[in-house]
Amino acid sequence: MPHQTKDESPNAEPLNSALTSLQNIDRYAKAAADSAAQTKDESPNAEPVSAAVTSLQNIDRYVNAAADSAAQTKDESPNAEPVSASDTVRNIDGDATAAADSAAQEQVVEVDVNVASGSPLPGMKQQLEEAVSIPKATVDILKDQVFSFDTFFVTSHEPYEGGILFKGNLRGVPAKSFEKITTRLENKFGDEFKVFLLINPEDEKPVAVVVPKQTVEPATGSVPEWAAAGAFGVVTIFTLLLRNVPVLQDNLLSTFDNLELLKDGLPGALVTGLIVGVHEIGHILAARDAGVKLSVPYFVPSWQIGSFGGITRIVNIVRNRGDLLKVAAAGPVAGFSLGFGLLLLGFTLPPSDGLGIIVDPAIFHQSFLLGGLAKLILGDVLKEGTQLSINPLVLWAWAGLLINAINSIPAGELDGGRIALAMWGRKVSSRLGSVTIALLGLSSLFSDVAFYWAVLIFFLQRGPIAPLSEEITEPENSYIGLGVAILFLGLLVCLPYPFLFDPSQVTDFDF
């Protein structure tokens, strides 16, 4: 008992005293649960709550005794830390009361837990052909030995599709608590189960989900990835070349009769393709550093701008939101950096003989970033209705920036959608994605590019993103700032430039 610890060991730590009381609390909490279950069996009309009242009184008595012991030990042991012990006792009290309330209000599950055959994780392959039963002994070990009062105090559990969902109170720093839980799970069961620490969308509280490992294997298609990716890549090379040959764009049907003209689009295809390639390399390098496995990238062709970039699946479970943000942001950072540098170079280099192209300034109104830089660098030369010659590197680099910006749209499984989930969580990112797709739908009435991309997101990239191992911990502020910058830069590239280049002119022009 706590008061005996005081007499026999004057220098004992208050936490040891509290732990002694915890054993009594645990015993009475279990007694409350057993009493509630037995009362229901023996007297169907009896209220289970009344059966747990006596045990709750005992629990409160031991909690108060632990707090008194901690306070008294402070007087006899100057080096003790009674505040920490008192906080521990309060946490124990809350956990014990919650556990007893849950036991009193629900019939305790005393049989094996049957879980459905479907995987609870989107994008994951289900290898169980029928429902499985998780033994009660396994559930008890999960509750009492894997989860614990120092990490995640379980108050209730229920079948959750392909696994078991545990509700309770999360203790300490989420990342450290999850690490302890994972270590204990591996020590007890090896690689038989996988645990996830998520946010319950119903009440925004942390929950733990334990599923058999075979339910979280990555989904695979019937066609080998390299074959499908290669086919998409060949078509994308063709559209990149086609996009840079205006003569063929005016009459697509004549393309196959004039294939020799495609060589004229090679310089532009190389520049735009380089920006897209650097974007994907950024993802690969960041994923390797974070321990994330990526599929072969599928490059999406587009006759309007050459390509819509690549679709890269994440084929394993990402550890946390910080790792997801690093991987998702690395591509746009690399692509935007190279594209912006080449755009500035194109504006500053004068068009040389045979390379300069004549454009209408109205083209710069298609992008806020492009129009702003054009006005800043070209100055008074840029006037509505007055054509000018520019280095084609400007248009090639702008196409690369536009591809990066499209992939930064905060929706579905695009880079922007993953960035939004990593920064703000699943609930906010889902709402933002819905708004974004709705705006794309409206933009489709005026832009065929927007229509094409809205269809692509809806059918191929709408998600949802597979759960991360631990979704509680937020990324570092520096990475959140980087993610916001990427979304903002993508917005500047996609939004039109609404101002006149020469306000003194009164000239009708098309935006």
Worksheet item: Leaving out ligands, DNA and RNA but keeping every protein chain, what accessible area does Lys136 have, in Å² rounded to the nearest 10, with a 1.4 Å probe?
Response: 50 Å²
Worksheet item: Nearest 0.05, what FRET efficiency do Asp360 and Glu179 give at R0 = 41 Å with Cβ-Cβ as r?
Response: 0.10
Discussion item. Compute, for region 271-355, the length of the dipole vector about the Cα centre, with Cβ point charges of +1 (Lys, Arg) and -1 (Asp, Glu) only. Units Debye, rounded to 20.
Written reply: 460 debye
Worksheet, complete the sentence: Extension length gain for Leu261 and Ser133 (0.36 nm per residue less Cα distance), in nm, is 39.6 nm
Worksheet entry | Net charge dipole size for region 136-215 [Lys, Arg +1 and Asp, Glu -1 on Cβ; Debye, nearest 20] | 220 debye
Worksheet item: Counting only protein chains, not ligands or nucleic acids, how are Ser447, Ser504 ordered by accessible area (probe 1.4 Å), most first?
Response: Ser504, Ser447
Fill in: Zone residues, region 300-321, relative to Val455, backbone N less than 12 Å from point 7 Å out along Cα-to-Cβ
303
Worksheet, complete the sentence: Judged on accessible area alone, 1.4 Å probe, highest first, Arg243, Arg418 line up as Arg243, Arg418
Item to complete: Order the peptides 360-373, 486-499 from the highest to the lowest mean number of other Cβ atoms within 10 Å of their residues.
Response: 360-373, 486-499
Fill in: Extension gain, Ser148 back to Leu344 (0.36 nm per residue minus Cα-Cα distance, nm)
64.8 nm
Discussion item. Just to be sure I understand the model, the point goes 7 Å from the Cα along the line to the Cβ. What's the resulting Gln387 to Lys427 distance in nm?
Written reply: 5.7 nm
Worksheet item: Sequence-distant or interchain residues sharing an amide H contact under 5 Å with Gly163, placed H: which?
Response: Ala116
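The values are calculated or read from the model by the stated rules, or taken from the named source; none is laboratory data. It should be emphasised that the depicted structure is a prediction, and the values quoted were computed from it without experimental measurement. Note that we place each Cβ from the backbone using ideal geometry, even for glycine, and neighbour counts take in every protein chain shown. Surface accessibility is based on the protein's heavy atoms, side chains included, excluding ligands, DNA and RNA. Shrake-Rupley method; radii C 1.70, N 1.55, O 1.52, S 1.80 Å.
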